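Enquirer: First the structure, then my questions, so here it is.
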Amino acid sequence: MATRSLNDTGRSRITHEMFDASLSRETGEPVLKISWDITPLSIRSKKKLVVDVSNDRVEQRVELSEVGADVGEIIYPLSAEFAVGVTRIRIVAVTEDASGIPIIRAESVTTSFSTSGESTSKSILVVEPVADLAVIWELDFDSGDVILKVSNKDNLWSEQLRQSQIFKSTIIGHIVYAVALHLLATRDELAAGLVNWQNLLVPLGLNIDDSDEADVEDLMDQARDVSHAFQEDRKLLSHLISNLEEIE
Amino acid sequence: MLLDLRVFNESGNAKFSELVASKHPDTPSRAKKLSLDDSLTTAFISSNDLLLPTTKLELGQMLWPHIGPDTLHEDKAADPSFWNWLAARLMSECLEKSKSSVGNQKRWVYTAGSRNAYRHLMSSAYLIYSNHSDDPSAAMAILCSPLGVFGEVTEQILASRSIAGSVGTELATSLYYDPETKKNKAGSGGKDAGSPRRLAAFLNQIKLTVDYKSMTVPELLDLLPEEFERFK
């Protein structure tokens, strides 16, 4: 089993089942809506619930509940900075220790929202349409999530590729390969989005424990094997053939 | 004086990127020429009060009334085409004052992504001003420096959004900025004990358990290890 994990400090995890978040940008004014129920965590001491909202440039903190209510809902307009691009949120429950120092008692995994409104609370792969991308697609690991940037030049993504099962089924193997290789080669503590990928790929043969000592060719071989296992597990070849038959 | 604020069009952005990548010795003056080319740019503000900024503070003060929140052009604050244009326009003045070379391309050409976006000289200076617009004095450890100089304090604070966007910048100002000289203290550019690098490492370490973002500067100063005493 893999040993690297984000949640190794004794704090609890606010899971996706405990909150629902959406980011609306329909009028050009980003509005964050979050509802939560953290009663399963049974945090009895006085607490404060906050959400840290960030993108590549800025971070903004929103207080969800001054009194730390276990259940609630908030609709909060964000600054114009969050009108475009990938926006990330992380919910944190804070209590105070005996000396008054604020302690993180629980935190959620990071959820990312793309410009198109998709979020990692529903999928571990967020698609970000980019009008000026010079290639058809590329992966971005910078945020700690796996962001699939797809060209939206001449509305390529929004009008063509978004609906194309053929496009999706032909690139997913490459994506899994790249993510697996990234996980094998990363020496730092993993961010939340990549932990989710790790959990998905370990049962398919990803072995991170020994990756420190392996050479690059071994890592590439392992990433390829994991990608093969994923594609077979999800029967991607059969899906592709049936999609092509439907078109004919 | 700048006279106007502009954005590059697609071709302007491409030409500026190529120019910076070329490392041509005449890059600064060529960049200014691109920034004044009407076929590569579109002006969105024309004004006589756009004084040429020499520090990050002056840049923030100059731009805030025009691209700050709730202004007509607030979208420009997140527009790479604007930051690239401004970098092209101010590059020669910046380098002349700092007596340095063009250096890292990402200082001038806005590069998206959380590990790169903060490296842009103009965009990051404005961002820090914007985060502390109600009290810029709290961010003087970064805002005091010349526009063309990134510096160790700026690098370490901006590299972590969670530090830059919270009390971390104020803490750095409290430690490293000397209000009397209006400069950062001697030794704040180093990498040894008590340096900005050590401060960022400390905050990034305690953030796993301590919510330092909800603490005040005096509370955090009390929490800092002894190595920071020399800057207190």
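The values are calculated or read from the model by the stated rules, or taken from the named source; none is laboratory data. Since the structure is predicted, the reported quantities are computational estimates derived from the model, not experimental observations. Quick reminder, even Gly has a Cβ in these numbers, built from the backbone with ideal geometry, and neighbours come from all protein chains shown. For accessibility, only protein heavy atoms count, side chains too; no ligands or nucleic acids. Shrake-Rupley method; radii C 1.70, N 1.55, O 1.52, S 1.80 Å.
Enquirer: Could you go through region B:90-108 and let me know if any residue there is crowded, with 17+ Cβ neighbours inside 10 Å, among the charged types (D, E, K, R) and touching an Asp or Glu at 6+ places or on another chain (Cβ under 9 Å).
Expert: No, the conditions are met nowhere in region B:90-108.
Enquirer: Let me ask something additional. For residue A:188, which of the numbered conditions (1) at negative phi; (2) buried (at least 18 other Cβ atoms within 10 Å of the Cβ); (3) modelled with pLDDT under 80; (4) not hydrophobic (A, V, I, L, M, F, W, C) fails to hold?
Expert: The number of the failed condition is (2).
Enquirer: If you don't mind, there's one more thing I want to ask. Looking at region A:92-101, is at least one residue within 19 Å of the chain's Cα centre (by Cα) and either modelled with pLDDT under 90 or open to solvent by less than 60 Å² (accessible area, probe 1.4 Å) (or both)?
Expert: The answer is yes, given that some residue of region A:92-101 is within 19 Å of the chain's Cα centre (by Cα) and either modelled with pLDDT under 90 or open to solvent by less than 60 Å² (accessible area, probe 1.4 Å) (or both).
Enquirer: One residue is enough: does region A:106-118 have a residue meeting the conditions at pLDDT 90 or above and out of contact with any Gly (no Cβ under 8 Å at 6 or more places or on another chain)?
Expert: Within region A:106-118 (the criterion being at pLDDT 90 or above and out of contact with any Gly (no Cβ under 8 Å at 6 or more places or on another chain)), the answer is yes, since at least one residue qualifies.
Enquirer: Sticking with this one: So the check is Cβ under 7 Å with 6+ separation or different chains; which pairs have a first residue in region A:139-166 that's closer than 15 Å to residue A:178 by Cβ and open to solvent by 40 Å² or more (accessible area, probe 1.4 Å) and a second one that's outside any helix (DSSP H, G or I) and among the hydroxyl-bearing types (Ser, Thr, Tyr)?
Expert: Going by the 7 Å Cβ cut-off, the qualifying pairs are A:142/B:114.
Enquirer: For region B:177-232, how many residues meet the condition of being assigned to a loop (DSSP other than H, G, I, E, B) and facing chain A (nearest Cβ under 10 Å)?
Expert: So the count comes out to 5.
Enquirer: Which members of region A:41-62 meet the condition of being of a type outside the set (Gly, Ala, Ser) and either farther than 16 Å from residue B:213 by Cβ or more than 22 Å from the chain's Cα centre (by Cα) (or both)?
Expert: A:41, A:43, A:44, A:46, A:47, A:48, A:55, A:56, A:57
Enquirer: Would you be able to say whether some residue in region B:51-59 is outside any loop (DSSP other than H, G, I, E, B) and over 14 Å from the mean Cα position of the chain (by Cα)?
Expert: For region B:51-59, residues outside any loop (DSSP other than H, G, I, E, B) and over 14 Å from the mean Cα position of the chain (by Cα): absent.
Enquirer: Which one is farthest from the other protein chains (Cβ to nearest Cβ) among residues in region B:113-134 that are out of contact with any Lys or Arg (no Cβ under 9 Å at 6 or more places or on another chain) and outside any helix (DSSP H, G or I)?
Expert: B:134
Enquirer: Find the residue count for region A:50-75, including only residues that are open to solvent by 50 Å² or more (accessible area, probe 1.4 Å) and either under 16 Å from residue A:110 (Cα atoms) or in contact with a Pro (Cβ under 8 Å, 6 or more places away or on another chain) (or both).
Expert: Summing the residues that are open to solvent by 50 Å² or more (accessible area, probe 1.4 Å) and either under 16 Å from residue A:110 (Cα atoms) or in contact with a Pro (Cβ under 8 Å, 6 or more places away or on another chain) (or both) in region A:50-75 gives 1.
Enquirer: So which pairs qualify, if the first residue must be in region A:98-110 and at the interface with another protein chain (Cβ under 10 Å from one of its Cβ atoms) and part of a strand (DSSP E or B), the second must be surrounded by 21 or more Cβ atoms within 10 Å (Cβ to Cβ) and among the small types (Gly, Ala, Ser), the Cβ gap must be under 7 Å, and the two must be at least 6 apart or on different chains?
Expert: A:105/A:93
Enquirer: What number of residues in region A:22-49 are buried (at least 21 other Cβ atoms within 10 Å of the Cβ) and either more than 14 Å from chain B (Cβ to nearest Cβ) or not in a loop (DSSP other than H, G, I, E, B) (or both)?
Expert: Summing the residues that are buried (at least 21 other Cβ atoms within 10 Å of the Cβ) and either more than 14 Å from chain B (Cβ to nearest Cβ) or not in a loop (DSSP other than H, G, I, E, B) (or both) in region A:22-49 gives 6.
Enquirer: Turning to a different aspect of this structure: Taking region B:6-43, which residues are crowded, with 16+ Cβ neighbours inside 10 Å, of a type in the set (A, V, I, L, M, F, W, C) and either in a helix (DSSP H, G or I) or at pLDDT below 95 (or both)?
Expert: Matches in region B:6-43: B:16, B:19, B:20, B:31, B:34.
Enquirer: Which of the numbered conditions does residue B:159 fail, given that it passes all the others? Conditions: (1) open to solvent by 40 Å² or more (accessible area, probe 1.4 Å); (2) closer than 14 Å to residue B:139 by Cβ; (3) within 14 Å of another protein chain (Cβ to nearest Cβ); (4) small (Gly, Ala, Ser).
Expert: Every listed condition holds for residue B:159 apart from (2).
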